[in-house]
């Protein structure tokens, strides 16, 4: 009898999860269509449809295929990557407030990208495909530093210690970035200022190609490790008792999370809170089981970023509000709410 009740419960949860996945997928597609028609130059529905099938004018094809579609695809990729990165960090560190932006991972990646740009005569001359590698190097060093500073022998990593260490490291890196910006010429300074605000500046297909391998490789890898994440969530001692190589799995998952965050930062700048909001909403919708939570987090993150980017491009036309600012307007109050609830 008890076994039948448990099976029915898991069946209902699975059906609920699949329903939510379907709904989120439809919402992402609808936002994708709306975003294609958002910009200074509007395309009527029939013009948009004709252009998609190769029957539009040269101007319409240029607007859609060379400017809007790459930006939309990048928004979806970085939203999914940042949300899954946050979900992994929250699981590895066992801290519900962990997020690559809050912990300073994004800042470390950004510092290396800024250093790379400073060596070239213009920001656009910097090699696109090297940027994610440099960002990963900076993010990995930052993650290692935070881990070392917040880890205590026989105690592990305490959530509050991790959060405070991450905020302090992020503040130090941000100060170093401000000092570096003072030495940049006006063209580079304008680029860095826009980039730091979280503007999706890489709006061409070469930026999509530079980001795509990281997402295509690391995102399925993290989902493949969903069972391991479930075991790690039981606690270190329980996971060891079940035969899991805890430290190895933690470092592998953390490496994947850092890679996803760093590659996203390289083409989108400092967009924060996506890795905080996505996993939290996903756990509320489908529960903590990683097999469902991770895909739902990815879709929520993609939906959040593409919606924020669409709002940023639409609300003050012809000017644009950086996507990171729109996300921060949503994410900052949510972070304060979670912080208050954690203290309580």
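Laid out as a table, the results:
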read-out: Subset of the range 216-244 that is in contact with a helix residue (DSSP H, G or I) (Cβ under 8 Å, 6 or more places away or on another chain) and not in a helix (DSSP H, G or I) - its residue that is nearest to residue 309 (Cα to Cα); value: 225
read-out: Qualifying helices (runs of 4 or more DSSP H) (wholly inside the range 44-156; at least 2 residues being without any contact (Cβ under 8 Å) to a residue 24 or more places away in the chain and surrounded by fewer than 24 Cβ atoms within 10 Å (Cβ to Cβ)); value: 45-52, 58-61, 131-150
read-out: Selected residue [touching a strand residue (DSSP E or B) at 6+ places or on another chain (Cβ under 9 Å) and under 16 Å from residue 92 (Cβ atoms)] from 236, 249; value: 236
read-out: Residue check for residue 189: closer than 28 Å to residue 68 by Cα and either at pLDDT 90 or above or outside any loop (DSSP other than H, G, I, E, B) (or both); value: yes
read-out: Hey, residue 164 buried (at least 16 other Cβ atoms within 10 Å of the Cβ), touching a helix residue (DSSP H, G or I) at 6+ places or on another chain (Cβ under 9 Å) and closer than 18 Å to residue 139 by Cα or not; value: no
read-out: Some residue of the range 245-264 being surrounded by 15 or more Cβ atoms within 10 Å (Cβ to Cβ) and not in a helix (DSSP H, G or I); value: no
read-out: Enumeration of residues in the range 28-43 that are touching a helix residue (DSSP H, G or I) at 6+ places or on another chain (Cβ under 9 Å) and either more than 19 Å from residue 323 (Cα to Cα) or in a loop (DSSP other than H, G, I, E, B) (or both); value: 37, 38, 39, 40, 41, 43
read-out: Selection count where residues are on the phi > 0 side of the Ramachandran plot and either in a helix (DSSP H, G or I) or modelled with pLDDT of 80 or more (or both), scope the range 265-280; value: 1
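The values are calculated or read from the model by the stated rules, or taken from the named source; none is laboratory data. Everything numeric in this text was worked out from a predicted model, so none of it was measured. Note: ideal-geometry Cβ built from the backbone for every residue, glycine included; neighbour counts use all protein chains shown.
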